[in-house]
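Following: one structure in structure tokens, then a few remarks.
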Amino acid sequence: MVVIYNNSEFSFFKLSLLVLVSIMIISCQKAEQKPAGIVSEFTTDSEGYFKGVIKLQEKDMLGTYSDIVLTFNGDDVRREVTEKLFKNISYGMIYKRGKDSVYYFYTKDQKSWYTSILKNDFQQWVQKLEKPTVDSENPGSTTLSAQPPFGVIFEYFNTSDAITSVKISPLKNYSSVTCQTFLVPESKSCNVWYSDAIKIRPEIMEIIERNQPVSIKTLALQVEYFSPKSTGEKNTLDKAVDKMNKVLVKTDHKIHLDEIRSNSKVLIDLPVNSVKISPQKMNDMINPPVESEEIGDHHHDIFD
């Protein structure tokens, strides 16, 4: 059957179609402009502290990266790192509010072990990993060979780092996210994204992060280093140094936000079938003794 329109009907049809398409385009544009996630709507405990899971990825220019999964239930925290280069290895820690000890666990080839470390000892151990001491008798052995309980993303920071700018910067479709730009040593700048709407208990923050900028009171969701723009006249040597610095900065570790998942029912447990061992046995497992004909057995304690 063939339908025949007169000119006036056809013009009205075209006008109606044009209006409909225009409405659809405007609606799509508004939908694209509106962030998909609203951080302030996430689940919290009675004191307003975040409950849920935050997934991050730490990576570098060489392509190596780790998955970082942080689980919070307001009072307690579980932080686990899985090295993607060695998919059979993961490690992490659990801290529960008011406790004087931290559980540190290590998983390899689907088998898990854990040990209990006094809170103060755990924090000292982290500091040793950040500033390793070289054994004078065996220069090739340092505490860097141990699996750190968390990354070194803020290794360049100290309390005197200068803030250059603060701005609202929605991240991965989450609103209420702020970006701060810091000047740090070694001719670097650093952008750090975070959300004040995600409240983390201070007792937890002092355990899971080290050297984080003091102006940021909550978890950093994304961290990127970059080479600041050079100013003023530059001679040939200065220009070459600037170019080299830009290349070197790109090799630094960075953290990217993967996912924020709010959940009122959060379980914070050790890996299934974990076996408890002493700190010394854990040390020997992660950092085995090295045999030497001259000095005998040698290893670097990470829990002493």
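Checking the table K59/K167; K84/K108; K217/K246 against a 23 Å threshold on Cα-Cα, which pairs fail?
Result: K59/K167; K217/K246 exceed 23 Å.
Would you kindly state how much longer the chain becomes between K59 and K119 on full extension, computed as 0.36 nm times their sequence separation minus their alpha carbon distance, in nm to one decimal?
Contour length minus the Cα-Cα distance gives 18.8 nm.
Under the rule of at least 5 residues apart or a separate chain, name every residue whose amide H is placed under 5 Å from the amide H of L118.
V102
Positive end of the dipole of region 164-221, charges at C-beta (+1 Lys, Arg; -1 Asp, Glu), about the Cα centre: which of F182, I198, L219 has its Cα farthest in that direction?
Checked the options; the winner is I198.
Each reported figure results from applying straightforward, stated rules to the coordinates on display, with no laboratory input. Here the structure is a predicted model, which means the values were calculated and not measured. Because the Cβ atoms are built from the backbone with ideal geometry, glycine has one as well, and the counts that use them run over all protein chains shown.
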